[in-house]
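Okay, structure first, notes after.
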Amino acid sequence: MSSGEQHPAVRVTDLTVAYGDKTVLWDIDLEIPGGSMVAVVGPNGAGKTTLIKSIQGLVPRIAGVVSIHGEPYEKQRKEVSYVPQRGSVDWDFPTSVVDTVKMGSYGDLGWIRRPGRKEHEKALGALEKVDMAEFAHRQISQLSGGQQQRVFLARALVQSASVYLLDEPFQGVDATTEKAIVRILKELVAGGKTVLAVHHDLNTVSEYYERIAILNVGLVASGRVDEVFNSENLMKAYGGKTSFFPERKSARRAV
Amino acid sequence: MLEFAVELFSDYTARTILLGAASLGVVSGVVGSYAVLRKQSLVGDVMSHAALPGIVLAFLIMGVKEQLPIFIGAALSAVLAVFLINLVTSNSRIKTDSAMGMALSVFFGLGLVLLTYAQKMPDANQAGLDKFLFGQAEALVEKDVLVIGLTGVFALLVVGVFWKEFKLLCFDPDFGGTMGFSMKSLDLLVTAVIVSAIVIGLQTVGVVLMSSLLIAPAVAARQWTGSMGSMVILAASVAVVSAVTGVALSSGLENVPTGPAVIVCVSIIAFFSVLFSPNGFFTLKFKDARSRREIRKDYVLKALHDLALEHNDPGYAHSERLLALGSEKGFNVRESLSQLQAAGYVERVGEENWRLTPSGILEIRELSPLEKSG
């Protein structure tokens, strides 16, 4: 996939992160080729969220380097869009849907400058893409879980970055929203963007993603779904705790 | 009382004091909104109590009740308390609430000890130092009001300039961090603004109650609006009204310190808002009762419809007892039937029996979402 001199969209080298005396990520080496859709899976406490956060410098790295398109992350912030876990913010915050989406433009605006007409239009456009245009002037406190997730995705779309990092975008959302989000993410990938998403439902991995990173503190395996998403690697990551084996999947795919 | 108010507004000294109270109100309302939105209400309380030892120490060192040293002393000891809380929570297993409780009592206790010591000193300079506990607006002179005003302008400027950044900080600091904004600097800036609001309120409202003038207006304002801009403006208005009324009250009534008078005013507004605003306690209770009534009506309507379908006759009449039995809803079916009757959806047949009217049959088709899920 990484053809010739071209840099991978995301390259993580020797990444180690610890909270106190607990190692959360151990010596991760990971390369995400541009234009791919990648699932990050692993058991609870495997460090999936921490991986997404440490790529963006939100948690301190004990060791390791992250580069985006061959340049250090710190120089490439504008190339990276972040969709945090829905539950990480207070949805009772006094603001409207469109104003929340506008926050995605703050990075381009820089310090002090306020969003104007242009940013407003852009936010409305992003809301249109996630089928939330009619909710633009709602209070965010009135949204359902799926709608909250769409708003977060719209906010990321406004950033017009080339790499999207999503933390459990399908957590607690309705089936319609899940389908809509998958469709938008696939469109992004088709347009050459790179998507890296923390994912929980092993049943949908093959359907949604072409690549996967299987994580459990260390990186168990990464690569194309049809090559590394197998029972051996899942056993390594989940131990005996998962009853899911891709061998049985063909029967289930009939749905 | 009215006579007194007229006198108050026409007197130069009184006008100075009221102007001070009003400026303090604007700053507290605006800045307090950030404390509330960041869920740091208690930090404000800790900081205002923790200012006391700084006030007294500044006096003991300088030997006079000068405003500037006292402000600096107050700010330093308030910030020290917050710094210690962060130090303790990040380097031990002590949780934030315990650390805040400890910091508050340790600093306030120390402040009281120092205050007692200062008051026993032979010269008379220290007289009035104890007014910092509950505030005394009458002591405000022109110079004090000027300092309050200038600090207020500074705080408002900071909030105005960094409006967008502060919003990020309050709502989603991680996201803000990924866009390259230094959340640490913004956090420091907000803390600085909160500290300055507390410091300028100490003389008027006092260390014990100052945090209420920060928190209560913001809480009241939040009940009425869903936009951050109008919340800040409304909080400022609530705080101004409370501060001015409180100051007027305490000067009108003998021996009432300003702080408690201001806090009584602001609490009344906050309580009223929490109870009666569109999202308030009573409004929600009322809405709950109404939707419970509507849903029960829908249940009964659907039960009548289902029974009628069994007879292949939408107008088939059933006894109230059967409806109550068959539905097992655990509520007063008769009450819902009467309400449906009033709406014209059902009619009574004989003594005991009920059936759907044509408009009731139409209505049940409108309830299609219930039908589909049921």
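Read-outs throughout are calculated quantities, based only on the coordinates presented, and are distinct from any laboratory measurement. Here the structure is a predicted model, which is why all the values come from computation and not from measurement. Here the Cβ positions follow ideal geometry from the backbone for every residue, glycine too, while neighbour counts run over all protein chains shown.
Radius of gyration and Dmax for the protein assembly as shown's Cα atoms, expressed in Å?
Calculated on Cα positions, Rg and Dmax stand at 31.3, 100 Å.
Rounded to whole Hz and in sequence order, give me ³J(HN,Hα) for the range A:185-192 from the Karplus expression 6.51 cos²θ - 1.76 cosθ + 1.60, θ = phi - 60°, writing x for Gly and Pro.
Using θ = phi - 60°, the values come out as 5, 5, 5, 4, 5, 4, x, x Hz.
Could you give the length gained by full extension between residue B:157 and residue B:322, i.e. 0.36 nm per residue of separation minus their alpha carbon distance, to one decimal place?
That works out to 52.4 nm of additional length.
Ranking request for peptides B:69-75, A:140-146: highest mean number of other beta-carbon atoms within 10 Å first, then the rest in descending order.
The densest-packed peptide leads the list: B:69-75, A:140-146.
From the helices alone, meaning DSSP H stretches of at least four residues, give me the mean residue ellipticity at 222 nm for chain A, per-run term -39500 (n - 2.57), in deg cm²/dmol to the nearest 500.
So the helix-based figure for chain A works out to -8500 deg cm²/dmol.
Out of residues 5 or more away from residue A:85 or on other chains, whose amide H comes under 5 Å of its own, with H placed 1.01 Å from N in the peptide plane?
Amide H neighbours of residue A:85, under 5 Å, 5+ apart: A:167.
What FRET efficiency would be calculated for the residue pair residue B:64, residue B:42, taking the C-beta separation as r and a Förster radius of 45 Å, to the nearest 0.05?
So, using R0 = 45 Å, E works out to roughly 0.85.
Relative contact order for the range B:2-279: what percent, with Cα pairs under 8 Å and sequence separation of 6 or more?
So the answer I get is 31 percent.
So between residue B:227 and residue B:311, what do we pick up on full extension, going 0.36 nm a residue minus the alpha carbon distance?
24.8 nm
Can you compute 3J(HN,Hα) from phi for each residue in the range B:223-238, using the Karplus curve 6.51 cos²θ - 1.76 cosθ + 1.60 with θ = phi - 60°, rounded to whole Hz and x for Gly and Pro?
5, 9, 9, x, 10, 5, x, 6, 4, 5, 5, 5, 4, 4, 5, 4
Report, by chain and number, residues whose modeled amide H sits under 5 Å from the one on residue A:40, excluding near sequence neighbours (fewer than 5 apart, same chain).
Here A:197, A:198, A:199, A:213 satisfy the definition.
For chain B, the longest stretch holding no trypsin sites (Lys or Arg not before Pro) located in a DSSP loop with at most 13 other Cβ atoms within 10 Å is which?
It works out to B:121-374.
Between residue B:143 and residue B:254, how high is the FRET efficiency from 1/(1 + (r/R0)^6) when r is the Cβ-Cβ distance and R₀ = 22 Å? Nearest 0.05.
0.25
Using modelled backbone amide H atoms (1.01 Å from N, in-plane), which distant-in-sequence or interchain residues come within less than 5 Å of residue A:24's amide H?
Answer set, sorted by chain and number: A:17, A:18, A:19.
Go through the range A:113-122 residue by residue and turn each phi into a ³J(HN,Hα) via Karplus (6.51, -1.76, 1.60, θ = phi - 60°); whole Hz please, and just put x for glycine and proline.
4, 9, x, x, 3, 4, 5, 5, 4, 4
Once you place label points 7 Å from the Cα toward the Cβ at residue B:13 and residue B:294, how far apart are they in nm?
Each label point lies 7 Å from its Cα, and together they span 6.0 nm.
At a Förster radius of 51 Å, what calculated FRET efficiency corresponds to the Cβ-Cβ distance of residue B:184 and residue B:302, to the nearest 0.05?
Efficiency computed from Cβ-Cβ geometry: 0.30.
Just to compare against my own numbers: the Cα pair-distance distribution for the range B:2-279, 5 Å bins, whole % per bin, please.
With 5 Å bins starting at 0, P(r) equals 1, 6, 13, 17, 18, 17, 13, 8, 4, 2, 1, 0.
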